[in-house]
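Heads up: the structure comes next, in structure tokens.
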Amino acid sequence: MFSIFLTQRETDDSTAYRSGHWISLLPGLLRAIEYTSVTRWHKKYYLSAHREPFDIAKMNERCKGLGGYLLEINGRGEQSFMRHLMKRSGAKREIVYTGLTDLGQEGHFYYYHSKKPMAGAYFKRRQPDNYKGIEHCTNLMRGGLNDLDCHTNARYICEVHLK
């Protein structure tokens, strides 16, 4: 796999923001994927620039191409910062998926990549509700996480631990 990231850099509150085009060259796949990234907590976060049909396995593979995985929230501070990133990136009202799911056993949320149970993430009031019995993925919203159908057109966040 070959990857190229073209960037512009600015700083704000001692956090590095980058925007540009991430180009992944994978066997059988040549596709430009645009991201906004930010570095904080010894992690780098990538917010996809466009909505597309969400497939948790496929999007996690895309995150692996960046050296990471779908977002795993580890506390209110990180969750709040993700909302800040969304707002700053123009995604304030967008549906943005995380790696938290209850696929396999309703009501038992775990992170798709690590398989660890949910810890440190907080749902919005009256959520999760598994509306119509089809909501098994999560998205970030003002006020907390929301469960929703896993196949909604949306953006997603990848996280990469820095060495």
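Tabulated results
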read-out: For I73: the one exception among (1) assigned to a loop (DSSP other than H, G, I, E, B); (2) surrounded by fewer than 21 Cβ atoms within 10 Å (Cβ to Cβ); value: (2)
read-out: Identity of the residue in segment 115-161, touching a Gly at 6+ places or on another chain (Cβ under 6 Å), assigned to a loop (DSSP other than H, G, I, E, B) and touching a residue at least 24 places away in the same chain (Cβ under 8 Å), that ends up nearest to P53 (Cα to Cα); value: Y122
read-out: Residue, surrounded by the most Cβ atoms within 10 Å (Cβ to Cβ), within segment 93-109, restricted to residues that are without any contact (Cβ under 8 Å) to a residue 40 or more places away in the chain and farther than 17 Å from E52 by Cα; value: F109
read-out: Per-region count, segment 39-53, residues touching a His at 6+ places or on another chain (Cβ under 9 Å) and surrounded by 21 or more Cβ atoms within 10 Å (Cβ to Cβ); value: 0
read-out: Residue check for N130: out of contact with any His (no Cβ under 8 Å at 6 or more places or on another chain) and not hydroxyl-bearing (S, T, Y); value: no
read-out: Subset of segment 121-144 that is among the hydrophobic types (A, V, I, L, M, F, W, C) and within 15 Å of H108 (Cβ to Cβ) - its residue that is farthest from the chain's Cα centre (by Cα); value: F123
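Every read-out reported here was derived from the displayed coordinates using simple, explicitly stated rules and does not represent laboratory data. Since the structure is predicted, the reported quantities are computational estimates derived from the model, not experimental observations. All Cβ positions, even for glycine, are placed from backbone atoms using ideal geometry, and neighbour counts span all protein chains on display.
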